[in-house]
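Student: First, the structure itself, so that you have it in front of you.
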Amino acid sequence: MTAAHTINAAIDSDGRVRLNTDQLKKLRKDAGHSQESLALHCQDRRLCISIASIKRAEAGRPVLHRTARHFAECYGIALSSLLCPVEQRHHPHDVARVFPGAIHVLHVSMPPGHTGVTVLECLRQEIMKYGGHIELIN
């Protein structure tokens, strides 16, 4: 028998995140790139960042997590430093409206005798890092 826990979480089902627009623009300008030249630079480095993705990210619209990782790799910085500050993200209750495909409930099963505290804490940290909300129901 397994211990089942339900975690109420707002998770964008297509893996999109919002990036810090001011940070992105500053990094691009400090590197001497226009949006177009940055897209070409990324293409040369085999990073999947199109000019449309650059415009989307700099406008504050969500981008794929992969695109966010490629921005971080392009600039040689940690992805966490590019993520939109929590206060600029949507409130967890707005996620269903903003992301109609969001997953609202995640079920996690653990083996007998395993409290799952570590697993649940890791999940909580990841969900909150992207502006989500988590509530444990036993």
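The values are calculated or read from the model by the stated rules, or taken from the named source; none is laboratory data. Just so it is clear, the structure is predicted and the values come from calculations on it, not from any experiment. When we count neighbours, we look across all protein chains shown, and the Cβ atoms used for this are built from the backbone with ideal geometry, even at glycine.
Student: Restricting the search to region 12-34, which residues are on the phi > 0 side of the Ramachandran plot and either in contact (Cβ under 8 Å) with a residue 40 or more places away in the chain or surrounded by 13 or more Cβ atoms within 10 Å (Cβ to Cβ) (or both)? Explain how you work it out, then say what you get.
Tutor: First, pick out the residues of region 12-34 that are on the phi > 0 side of the Ramachandran plot: 15, 32.
Correct list: Gly15 only.
Student: Under 7 Å by Cβ, and 6 or more places apart or on different chains, what pairs join a residue from region 35-59 that is part of a loop (DSSP other than H, G, I, E, B) with one that is surrounded by fewer than 17 Cβ atoms within 10 Å (Cβ to Cβ) and modelled with pLDDT of 90 or more?
Tutor: Leu47/Glu73
Student: Please indicate, with yes or no, whether at least one residue in region 84-96 is at pLDDT 65 or above and aliphatic (A, V, I, L, M).
Tutor: No; the residues of region 84-96 include none that is at pLDDT 65 or above and aliphatic (A, V, I, L, M).
Student: Could you list, in sequence order, all residues of region 1-31 that are hydrophobic (A, V, I, L, M, F, W, C), part of a strand (DSSP E or B) and either at pLDDT 90 or above or under 20 Å from Lys55 (Cα atoms) (or both)? Reasoning before the result, please.
Tutor: Within region 1-31, the first condition is being hydrophobic (A, V, I, L, M, F, W, C), and the residues that meet it are 1, 3-4, 7, 9-11, 17, 19, 24, 27, 31.
Subsequent filtering for residues that are part of a strand (DSSP E or B) retains 3-4, 7, 9-11, 17, 19.
Result: Val17, Leu19.
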